[in-house]
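Chemist: Following this message is one structure expressed as structure tokens.
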Amino acid sequence: FVGILNETFARRAWPGEDAIGKVLLLDEAEPGRAPRELHVVGVARDAKYRSLGEEPTSFIYVPLAQRFASELSLVARRAGGESAIPAVRSLLRQMEPNLPVTAATSLEEATSLGLLPQRVAVWIASAFGVVGLLLACLGIYGITAFAVMQRTREIGVRVALGATRQRVVRLVVGQAMRMAALGLAIGLVAAAGLTQLLRSLLYGIGPIDVPSLALGTIIFVSLSLMASWLPARRAASLNPVEAWRAE
């Protein structure tokens with residue numbers, strides 16, 4: 001009775017040793033049946049056996065002749081971008097015309113259903129993220145516009161003393177972007193902390209996805225600049241005389 005262990009099983013059973021040639025006693029939980037000896041003839045890489053997000057688990061591969069199964073799954077890889085399904089179907093028909101093939105699908109199609117919960121979670125999180133981003137930009141616009149209205153006389157004095165439009169725009173935008181930078185720093189720290197709690201929903205990327213955080217930062221900064229530039233442009237176009245009269 002021979003078998004192949006995966007890396008996790010071999011590491012847990014014989015840490016720091018070569019598992020090939022070792023013997024396992026398998027208790028198959030059948031009344032009156034003695035444990036069977038399994039001779040390890042190989043060690044295979046870890047794989048995903050039940051779900052894409054599962055932690056590494058122990059697994060044993062045994063030949064079909066030793067343990068019959070009425071249903072089998074055949075995994076095939078073909079060089080190039082073409083699907084291997086037609087070639088595999090044709091080969092199986094040539095080998096055994098009466099062998100039924102109940103399902104044939106590509107790896108992408110097979111994993112899409114398993115990733116559905118993660119995708120739904122990402123869609124929901126993205127929707128909340130977009131709403132939060134818009135609310136943040138509206139908040140920056142509202143606060144900046146209110147600040148400009150409160151400082152109408154000050155801005156009028158600056159213009160009367162020779163401040164250029166560019167200087168006024170830089171003043172208003174600079175104050176708004178300092179506020180946005182503070183919120184961005186808090187958001188990045190919170191995002192880095194939350195992703196540590198969502199490891200089970202992250203597949204194929206690290207717990208801290210630097211490209212995504214960088215893209216989000218660029219989008220937020222760009223929208224913040226636009227939201228603060230509109231009130232700044234209005235402030236730069238103030239007439240000093242009208243600003244004093246408004247006071």
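Chemist: Kindly list, by first and then second residue, each pair from a residue in segment 21-48 that is modelled with pLDDT of 85 or more to a residue that is open to solvent by less than 80 Å² (accessible area, probe 1.4 Å) and basic (Lys, Arg), limited to pairs with Cβ atoms under 9 Å and residues at least 6 apart or on different chains.
Modeler: Filtered contacts from segment 21-48: His39/Lys22; Val40/Lys22.
Chemist: What is the residue count in segment 82-96 for residues that are in a loop (DSSP other than H, G, I, E, B), out of contact with any Ser or Thr (no Cβ under 7 Å at 6 or more places or on another chain) and closer than 14 Å to Leu107 by Cβ?
Modeler: Here the count works out to 2.
Chemist: Kindly provide the set of residues from segment 1-30 that are open to solvent by less than 40 Å² (accessible area, probe 1.4 Å) and among the β-branched types (Val, Ile, Thr), ordered by number.
Modeler: Thr8
Chemist: Give me a count of the residues in segment 35-88 that are touching a Lys or Arg at 6+ places or on another chain (Cβ under 6 Å) and farther than 28 Å from Leu116 by Cβ.
Modeler: Number satisfying all stated conditions: 1.
Chemist: Take the residues of segment 107-119 that are under 15 Å from the mean Cα position of the chain (by Cα) and open to solvent by 70 Å² or more (accessible area, probe 1.4 Å): which is nearest to Pro86 (Cα to Cα)?
Modeler: Ranking the qualifying residues of segment 107-119, first place goes to Leu116.
Chemist: Please determine whether any residue of segment 74-82 is open to solvent by 90 Å² or more (accessible area, probe 1.4 Å), without any contact (Cβ under 8 Å) to a residue 24 or more places away in the chain and within 30 Å of Glu37 (Cβ to Cβ).
Modeler: Yes: one or more hits.
Chemist: Pick from segment 120-149 the residues that are surrounded by 12 or more Cβ atoms within 10 Å (Cβ to Cβ) and within 15 Å of the chain's Cα centre (by Cα): which of them is nearest to Arg234 (Cα to Cα)?
Modeler: Residue satisfying both the conditions and the ranking: Gly129.
Chemist: When residues of segment 154-193 are filtered for being in contact with a Leu (Cβ under 9 Å, 6 or more places away or on another chain), farther than 23 Å from Cys137 by Cβ and open to solvent by less than 50 Å² (accessible area, probe 1.4 Å), how many remain? Working first, answer last.
Modeler: Applying the first criterion (in contact with a Leu (Cβ under 9 Å, 6 or more places away or on another chain)) to segment 154-193 yields 155-156, 158-159, 163, 168, 173, 176-177, 180, 188, 191-192.
Subsequent filtering for residues that are farther than 23 Å from Cys137 by Cβ retains 156, 158-159, 163.
Checking the rest, the ones that are also open to solvent by less than 50 Å² (accessible area, probe 1.4 Å) come to 156, 159, 163.
Residues in segment 154-193 being in contact with a Leu (Cβ under 9 Å, 6 or more places away or on another chain), farther than 23 Å from Cys137 by Cβ and open to solvent by less than 50 Å² (accessible area, probe 1.4 Å): 3 in total.
Chemist: Right, another one. Exactly one of (1) surrounded by fewer than 10 Cβ atoms within 10 Å (Cβ to Cβ); (2) in a loop (DSSP other than H, G, I, E, B); (3) not hydroxyl-bearing (Ser, Thr, Tyr) is unmet by Ala104. Its number?
Modeler: (1)
Chemist: Residues of segment 153-183 being assigned to a helix (DSSP H, G or I), farther than 23 Å from Leu134 by Cα and not charged (D, E, K, R), which ones?
Modeler: Passing the criteria: Ile155, Gly156, Val157, Val159, Ala160, Gln166, Val168, Leu171.
Chemist: If I ask for residues that are more than 20 Å from Met177 (Cα to Cα) and among the hydroxyl-bearing types (Ser, Thr, Tyr), which ones from segment 122-163 would you list?
Modeler: If the condition is that a residue be more than 20 Å from Met177 (Cα to Cα) and among the hydroxyl-bearing types (Ser, Thr, Tyr), then Ser126 is the only one that fits.
The values are calculated or read from the model by the stated rules, or taken from the named source; none is laboratory data. What you see is a predicted model; the values in this text were computed from it and never measured. Using ideal geometry, Cβ is built from the backbone for each residue, glycine included, and neighbour counts are taken over all protein chains shown. Accessible surface is based on the protein model in full, side chains and every heavy atom, while ligands, DNA and RNA are left aside. Shrake-Rupley method; radii C 1.70, N 1.55, O 1.52, S 1.80 Å.
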